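One structure is given here, and the rest of the page talks about it.
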Amino acid sequence: MIVKARAVKLGDNVDTDVILPGKYLALTDPTELREHAMEGLSPGFASKFVDGAVIVAGENFGQGSSREHAAIALKAAAVECVVAESFARIFYRNAINIGLPAVECPGILTRVADGDQVSVDLEQGKIMNLTTGTTANTEPIPLHLQQVLNDGGIIEHLKKKRAHQ
Amino acid sequence: MDWNRSEPVVNIIEKILARASDREQVRPGEIVEARINSAMVHDITGPLTVESWKKLEEKKVWDPDRIVVVFDHFLPPPTEQAAKLQKMMRDFVDEQGIRNFYDIGRGGICHQVMPEKGHVHPGDVIVGADSHTCTYGAFGAFSTGIGSTEMAAVFATGHLWFKVPRTIRVNVTGSFAPFVMAKDLILQVLGKLGVSGANYRGIEFTGQTVEDMSIGGRMTLCNMSIEAGAKTGVVAPDAKTAEYLGASSSNSFESLRSDGDSAYERTIEIDSSTLSPQVARPHSPDNVAPIEEIPESRVDQAFLGSCTNGRTEDLRIAAKILDGKRVHDHTRLIVTPASQDVYQNCLEEGLLEIFTQSGAIVTNPGCGICIGIHLGVLAPGDVCVSSSNRNFVGRMGSPQAKIFLASPATVAASAITGRITDPRKLS
C-alpha cells in the first residue's frame, strides 16, 4: 500500500487529550469525532486534513489515554497515515487496529516541512518527500500488522481469519 | 546487557508472559500470544468495544466471567448522550450474562474496583481499555491498557499478542520523611525517565522502600508508569499482597520473583530518605521539580482523588493536615474518594466530616474531574494543584488552565494556604 498526501507537521509528545479532548468522549460516531480532531491545538484544526493528509510528528506521538476515539477522529478527518519519530504504544496499536497506518521513522522531522507532498510505501518502509525529492528508509510495519492494515483493521482481519478456519 | 545469555535469568514480567503463552521461557522482543485472565472496560471505552464486537457478528463473548464492566467516567451521567452509552452497556451486560458489572453506586473508579472486588491476582495477565490498567502490577500481575477495538478481539478470543518488553528496574532504598509519599517517588522517577523514557518497556519497582510500602502506595507507583510510556509497572507480590487479597500465604508467589540484576535492561537507584515532596509543573508529568524550587503560585482549585491517589490512606493524610483548618477563601477543594468502599471507609473514619467542615466539597467516586468532563472543570486561567496523573494542555478543562501534579499531602497543604505549599511546613 502506498499513501500519497500533503504533510501536516506536529511536534514531540502530542498527547491524546490534545488529539481528542475528554469532553468529546461521549461521541462514538466517526463523522462527529472528526470535527474535533486536534482541537486541543486550536479549534478547527481538523480542516487542515480535509483533502487528505499525512501527519508527520516527533517522538512519542499519541501519549496518554487509551481512547481509541483519538485514532478514529484522525482517520475520519482524512488523515491517511501518521509518520512519527516514535509512538506511544497504545496509540500505535489502536491506529493499526482501526486501519490507520502508523509508521515509525527516526529523523523524519528534519526531512519534511509542513505542506510538503509525501508518499509513504508501507510495505517497503520508504518515505519520499516529493517536494524536495529526498527519500527516507525506515523499518517497514511488521508483516502481521501489514496484514491487519490490508484487511482494513483488526475486526475485518479477524472475520477473514475465522472464515478460513 | 547480554541478551544472548545462556543461563535463563528472567524477570517477573517475562515469567508471567511465558506462563500465559505456554512457553518455557520468553525473551524481550519476542511476540507471544497470551491467555487473558481478566478484561475490563468502562463507560467510555466499553461502548466502542461493543460496537466493534457487533461487527464481528459473534453471539457470545469468550467467557462472561472474565469480563469486567465498570461505570466510572460518567458517574453519574452528566449528559443524555453519556446516559445513552451507559444504557447500551447495561443491555450488553444483560445479553451476555456478565456478572462482574459495577453500575452507579456499586463500584467506583475501575482501577480501584478491580482489586477491591477480587479481579486481580499475582501472575495474571489483565487487559483494560484504559491506559491506567497498569495499576494492577502492584499485585504482581502483568496488566496493560489497550484500545476498544482490540478489546473486542479479546472479547471474542480470550487471547492477545504482546511483544515481550525489556524491563527497567527502579530500586528504591531508605525511608520517606514525614509527609513524603509514593506519589513524590513516582514523580521523581518520571522526572528522570521522561514521558517516553520507558516506551515499549516494563518497569519493576524493587528495594526496601517498596517492600515497606502499603499496597495503596505500590498502586500509585504502578499507576503512573504509563506516564513514562511503560507497557506496565510491577511490584513482586509478597505477604502484604497476600493479606490484601485474603490469601492464607504468599508462598505460591515465590515462582514469580525476578532472578537477579541481569534480568533488567538497566537499573535506576533512588534513595527515598532524601526525597522532598515533588511537583510536576504544566503541561507534562515529567516536568518535575522538588517543591522547594516551585514558586508559590496562587491555587484556584485543589483536587484530591483519582485512580492515582483517591484511596483511604491518601484521604487520611490529607484529612490529618486539614483537621481543624479552613480551605483558603480563594481556593476550592474537591475531594473524590476512588470507590464506594473507599467512600464508606472514609465516612466511618470521620474523614468526610473533616473535609466538609474545612470548606471542601466531597463528590461521589469517579473519573470526571481528572479527565475534564464534569464535577470540577477548569476555567481559562485557573491554576489547579491535583493528586491525579496527567497535566496535559486541556486535560481538566480549558487549554488555558494550568495543572500542577502533587501528592495528597501537598494538595491538602496548598488548599489551606491558597498557594502551592510544602506539607512539611504546616505540620
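Every number in this text was worked out from the coordinates using simple rules, so none of it is lab data. Owing to the predicted nature of the structure, the values given are computational and were not obtained by experimental measurement.
With contacts defined as alpha carbon pairs under 8 Å and 6 or more residues apart, what's the relative contact order of segment B:1-138 in percent?
Details: 150 pairs, mean separation 41.0, N = 138.
Relative contact order comes out at 30 percent.
Per the Kirkwood treatment, what hydrodynamic radius in Å, one decimal, follows for the protein assembly as shown from the mean inverse distance over all distinct Cα pairs?
Numbers: mean 1/r = 0.0415 Å⁻¹.
Roughly 24.1 Å, rounded to one decimal.
Tell me, what is the percent relative contact order of segment B:279-425, built from C-alpha pairs under 8 Å that lie six or more residues apart?
Values: 356 pairs, mean separation 50.7, N = 147.
Relative contact order, segment B:279-425: 34 percent.
To make sure I understand the rule: partners must be aspartates and glutamates, Cα under 13 Å from the Cα of B:Lys192, and not fewer than 8 residues away in the same chain. Which ones qualify?
Counting by Cα, and skipping residues close in sequence, B:Lys192 has these aspartates and glutamates nearby: B:Asp184, B:Glu227, B:Glu269, B:Asp286.
If you count the DSSP beta bridges with both ends in segment A:2-164, what percent of them are antiparallel, to the nearest 5? List each step's numbers first, then the result.
Working: 13 of 27 bridges.
Within segment A:2-164, antiparallel bridges account for around 50 percent of the total.
Which residues' amide hydrogens lie under 5 Å from the amide hydrogen of B:Val288, considering only partners 5 or more residues apart or on another chain, with H built in the peptide plane?
B:Arg281
May I ask you to evaluate 6.51 cos²θ - 1.76 cosθ + 1.60, the Karplus curve with θ = phi - 60°, for each residue of segment B:324-331 and list the ³J(HN,Hα) values in order in whole Hz, giving x for glycine and proline?
Along segment B:324-331, the couplings run x, 10, 10, 5, 4, 4, 9, 10 Hz.
Among rounded, prolate and oblate, which fits chain A when a ≥ b ≥ c are the square roots of the eigenvalues of its C-alpha gyration tensor, a/c under 1.5 means rounded, and a/b larger than b/c means prolate?
Details: a/c = 1.64, a/b = 1.03, b/c = 1.59.
Here chain A falls in the oblate category.
Per the helix-only calculation at 222 nm, which mean residue ellipticity applies to chain B, given -39500 (n - 2.57) for every DSSP H run of n ≥ 4 and division by its residues, nearest 500 deg cm²/dmol?
Here the helix-only value at 222 nm equals -8500 deg cm²/dmol.
In the structure shown, do any of A:Lys23/B:Lys402; B:Lys163/B:Lys240; B:Lys54/B:Lys84; A:Lys23/B:Lys325 have a Cα-Cα gap over 24 Å, and if so which?
On the way: A:Lys23/B:Lys402 17 Å; B:Lys163/B:Lys240 30 Å; B:Lys54/B:Lys84 17 Å; A:Lys23/B:Lys325 34 Å.
Too far apart for the 24 Å limit: B:Lys163/B:Lys240; A:Lys23/B:Lys325.
If I take the Cα coordinates of chain B and project them onto the principal axes, what are the three extents in Å, biggest first?
Here the Cα extents, ordered largest to smallest, are 60, 50, 42 Å.
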